[in-house]
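Written below as structure tokens is the structure these notes are about.
The values are calculated or read from the model by the stated rules, or taken from the named source; none is laboratory data. All values reported here derive from a predicted model rather than from experimental measurement. Backbone-built Cβ (ideal geometry, glycine too); neighbour counts: all protein chains shown.
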Amino acid sequence: MGNINVFSGPMKCGKSQRLIDEAKRQKIAGKNIKIFKPLIDNRFSENNIVDRNGNSIEALNINNISDIEKYDADMYFIDEFQFLDGNIDTIQKMASKGKKFYISGLNLTAERRPFGKMGDLLCNADNIQMMTSICECCHNDNAIYSFCTAEKTGDILVGDSVYIPVCANCYEKLLLEKNK
């Protein structure tokens, strides 16, 4: 039986770094792996997952969760899962057939709602590592939210400089200031 492992949390908490590290580790172990990223996420590279330290790994671009079924592997790595369309049934079905998954993504939108299919994924994951970041306002190490400093409509505004990780207290303060 395979399993589903998830790295989740706010912006800048190291999700992609963990995914890249695990993919490289499994590659060294000789596993047949496939690495994916959403086509919409071209912030740092068109065809690579890139972490904030400059580490990168080549990835296949996909739009829908079901796109991974086209590729045979022992292990599947997916970055920025919240941007994908589709149904997590694909992942559950493949895991039940022995496939192993490592998936990273934002658990919440900047409005603190479940982001895309991440809520469904987290409810069905075998292992979850909820990560925190450093609050960019008070510098505590308990930032659990991503706050959008720009005006946006909808859940998706792909851009790195418009979001900051913040703790719960700073989120509330920033929200009050933004709504004045």
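For the reader, a short list of remarks on this structure follows.
- Residue in the range 48-60 that is in contact with a strand residue (DSSP E or B) (Cβ under 8 Å, 6 or more places away or on another chain), closer than 24 Å to P114 by Cα and not hydrophobic (A, V, I, L, M, F, W, C) present: no
- Candidate set from the range 149-167 (those that are surrounded by 13 or more Cβ atoms within 10 Å (Cβ to Cβ) and farther than 23 Å from I103 by Cα); member that is modelled with the highest pLDDT: C167
- Condition met for N140 (assigned to a strand (DSSP E or B) and either surrounded by 15 or more Cβ atoms within 10 Å (Cβ to Cβ) or not β-branched (V, I, T) (or both)): no
- Output for the range 45-57, where each listed residue is without any contact (Cβ under 8 Å) to a residue 12 or more places away in the chain and either out of contact with any Asp or Glu (no Cβ under 7 Å at 6 or more places or on another chain) or small (G, A, S) (or both): S45, G54
- Residues within the range 93-113 that are within 24 Å of D41 (Cα to Cα) and in contact with a helix residue (DSSP H, G or I) (Cβ under 9 Å, 6 or more places away or on another chain), tallied: 12
- Checked against the criterion of being polar (S, T, N, Q) and assigned to a strand (DSSP E or B), the candidates N61, N87, N53 yield just one match: N61.
- Residues located in the range 76-114, provided they are over 26 Å from K27 (Cα atoms), crowded, with 22+ Cβ neighbours inside 10 Å and without any contact (Cβ under 8 Å) to a residue 60 or more places away in the chain: A110
- Candidates S66, S56 - the one that is more than 14 Å from the chain's Cα centre (by Cα), farther than 20 Å from E22 by Cβ and surrounded by 13 or more Cβ atoms within 10 Å (Cβ to Cβ): S66
- For the condition over 26 Å from R52 (Cα atoms), more than 14 Å from the chain's Cα centre (by Cα) and not polar (S, T, N, Q), D126 qualifies.
- Of the criteria (1) of a type in the set (A, V, I, L, M, F, W, C); (2) in contact with a Ser or Thr (Cβ under 8 Å, 6 or more places away or on another chain); (3) modelled with pLDDT under 95; (4) in a strand (DSSP E or B), which one M1 fails: (4)
- Considered as a group, the residues in the range 9-41 that are assigned to a loop (DSSP other than H, G, I, E, B) and in contact (Cβ under 8 Å) with a residue 60 or more places away in the chain include one that is surrounded by the fewest Cβ atoms within 10 Å (Cβ to Cβ), and that residue is I40.
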